[in-house]
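Here the structure is laid out as structure tokens; the discussion comes afterwards.
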């Protein structure tokens, strides 16, 4: 489930798509972006310009390849905003476009994130901002390592020395943001999300340290300010929040509590909220957090009225992967029985423990497992255990004959579509035999229990 979602979050398509002021026609003078790319794909005739909105991106335009090998894009002029340039969404470099009429970007295709601009004071300031923030974060990590080592040694003098260094480091970060607010009013909000304050209290316990960062991580930013809607770093900041708390040893509950508190402060449904929520989901995914699915469900509920493509894709993925996740409600299986009647698994077997058994008459391993399932069914049926057979047969007579030969006296359905079975697709079945054990409320207990593993689980549920 989590691996599948990670791949999903890295690959949400660009076609889902937001109409923004950048996409509208403008009376401002157009912006010409020339991209000089080293080691680019030899046959690539275009490079893409995106806007990113967290889990989803929008393709703004394409830069066409010229005879000299460069790529040229024309964008509407207007208020400066951050775009991302690359041959794909995963590898891009941020560029601020709007007021400056001509801009050249130099980059190596293998390291797009390190691209640099020529002829743009604003972009040079943006690049320097990111570089300085990266240095401050590296210093921050060094100080935390030094502090951990001092505490392990219980070296009071070293602990005090590190605390003084943290005070100076905090002052350096505050000055970094203050100076940018004066000199680069368009950029300082990005800086507030790239660094965070540090705990300089005396003799703080590990729990108090976690509590401080969970509470104060975004203290430099005023995320209720609508101007943060234009700041893409919001997404990364919430992803970094989770990673940093996990590094400090925060429990899943502490991460969840802190995350919920910060998300609750944001204007609901705003672009800031969307980016923050998306970054939170990506961070929870990376942390293997047990509440990932809960946050995804909240994301879907929050933004389903303004789907940019992220909501519908997450919904489809949730439906597909939910059948692998213990505790998730399973989708209903409705199909034709051998007699031609139509039955609903969840309605017919409500209140029972049910083993959903995907099989086929032609499947040797399935047929060899059937006697074990029959024995367990007969042993526990009176205690509330049922089996629901879902066949991937195409031949109706072969299906019915196998049921009779193997003594499978439980309920069965099949759409007789073989590997094209809609029932199998609903449960992401790509091989058989496969089983899904569900509880009386229709929630997954475990998947792919067979043989002694199935017998042991049923003993746990029903006793001997």
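The values are calculated or read from the model by the stated rules, or taken from the named source; none is laboratory data. Worth saying up front: this structure is predicted, and the values here are computed from it rather than measured. Cβ atoms come from the backbone with ideal geometry, glycine included; neighbour counts cover every protein chain shown.
If I filter region 370-387 for residues that are touching a residue at least 12 places away in the same chain (Cβ under 8 Å), out of contact with any strand residue (DSSP E or B) (no Cβ under 6 Å at 6 or more places or on another chain) and part of a loop (DSSP other than H, G, I, E, B), do I get at least one hit?
no
Provide a single number: the residues in region 428-460 that are in contact (Cβ under 8 Å) with a residue 40 or more places away in the chain and farther than 13 Å from residue 359 by Cα.
Counting residues in region 428-460 that are in contact (Cβ under 8 Å) with a residue 40 or more places away in the chain and farther than 13 Å from residue 359 by Cα gives 17.
Check every one of the strands (runs of 3 or more DSSP E) wholly within region 64-124 and list those with 2 or more residues that are buried (at least 20 other Cβ atoms within 10 Å of the Cβ) and over 25 Å from the mean Cα position of the chain (by Cα).
71-75, 93-97, 102-108
What do you reckon, is residue 357 in the same structural domain as residue 399 (by TED's automatic domain parsing) and either under 23 Å from residue 388 (Cβ atoms) or surrounded by fewer than 19 Cβ atoms within 10 Å (Cβ to Cβ) (or both)?
yes
Is one or more of the residues making up region 221-228 closer than 19 Å to residue 170 by Cβ and assigned to a loop (DSSP other than H, G, I, E, B)?
Taking every residue of region 221-228 in turn, at least one turns out to be closer than 19 Å to residue 170 by Cβ and assigned to a loop (DSSP other than H, G, I, E, B).
Between residues in region 24-37 that are surrounded by fewer than 18 Cβ atoms within 10 Å (Cβ to Cβ) and residues that are modelled with pLDDT of 95 or more and in a loop (DSSP other than H, G, I, E, B), which pairs lie under 6 Å by C-beta distance while being six or more apart or on different chains?
36/70
Examine region 342-349 for a residue that is free of Cβ contacts under 8 Å to residues at least 40 places away in the same chain and surrounded by 13 or more Cβ atoms within 10 Å (Cβ to Cβ), and state whether such a residue exists.
yes
Out of curiosity, is residue 258 in contact with a helix residue (DSSP H, G or I) (Cβ under 7 Å, 6 or more places away or on another chain) and modelled with pLDDT of 95 or more?
So residue 258 passes the test.
Would you mind telling me which numbered condition in (1) more than 15 Å from residue 193 (Cα to Cα); (2) at pLDDT 95 or above residue 234 fails?
(1)
Evaluate the following for residue 178: is it touching a residue at least 60 places away in the same chain (Cβ under 8 Å), out of contact with any strand residue (DSSP E or B) (no Cβ under 7 Å at 6 or more places or on another chain) and assigned by TED's automatic domain parsing to the domain that holds residue 233?
no
Would you confirm, using the coordinates I've provided, whether residue 215 is within 26 Å of the chain's Cα centre (by Cα) and either more than 26 Å from residue 239 (Cα to Cα) or at pLDDT 95 or above (or both)?
Answer is yes for this residue.
Could you list, in sequence order, the residues of region 254-269 that are within 19 Å of the chain's Cα centre (by Cα) and surrounded by fewer than 18 Cβ atoms within 10 Å (Cβ to Cβ)?
Listed by number, the residues that qualify are 257, 260, 269.
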